[in-house]
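Report on one structure; see the data block that follows.
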């Protein structure tokens, strides 16, 4: 009754009646352009953007350890977290940016984002990413060609990195993990010619542990939480 009277008075005075529990109008105010915040690009996207990565204490420590593994030719590192979306991919891309700063040793890198490959396809993807000559008549020739390519690069003081992301997809692909283990045999008395960075969720760690020879060649092990 009271609501009806109020509506009558508002209508008589030329005011639109207020409807109880009405759905509020959506806010259509456009978001400020990045420049309005002092930025030159969009800060929040669904793609891994290493330049927009916030480094908390755990991620700073992980980045420092990964840089150490690469620069000292430790052979490999394992980067594992409980869930997807913990920043592993962004961290790895940030690592490659930091390795390529002016004045740093030259870097060869291969970033394998979709590791569900056959052993031969994995070898080809790594060799192509590192810029090795395409001599793939057979596996022995391909590995020998890759070794010569890496030796020539090491002679310039350079480093070579292979990143395998989404590594949990290799949990039931033992043959591919064995292929990576064999490639870690590429070394000199001064250290490994390749640094492998295997990244993924927890099933990856269990799969690597099941191959002791591979586990031993990944001495830097990081769990992001």
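Here, each number is a calculation from the coordinates, and none is a lab measurement. As the structure is a computational prediction, the values presented were derived from the model and not from experiment. Cβ atoms come from the backbone with ideal geometry, glycine included; neighbour counts cover every protein chain shown.
Assorted remarks:
- Computed E for residue 182/residue 155 - FRET, C-beta separation, R0 30 angstrom, nearest 0.05: 0.85
- Three-way shape label, the range 64-141, alpha-carbon gyration tensor, a/c 1.5: oblate
- Summary value for the range 83-135: 26 percent relative contact order, contacts being C-alpha pairs under 8 angstrom separated by 6+ residues.
- Whether the range 50-224 is rounded, prolate or oblate, judged on the alpha carbon gyration tensor where a/c under 1.5 counts as rounded: oblate
- Length-normalised contact order of the range 116-179 in % [C-alpha pairs under 8 Å, at least 6 apart]: 40
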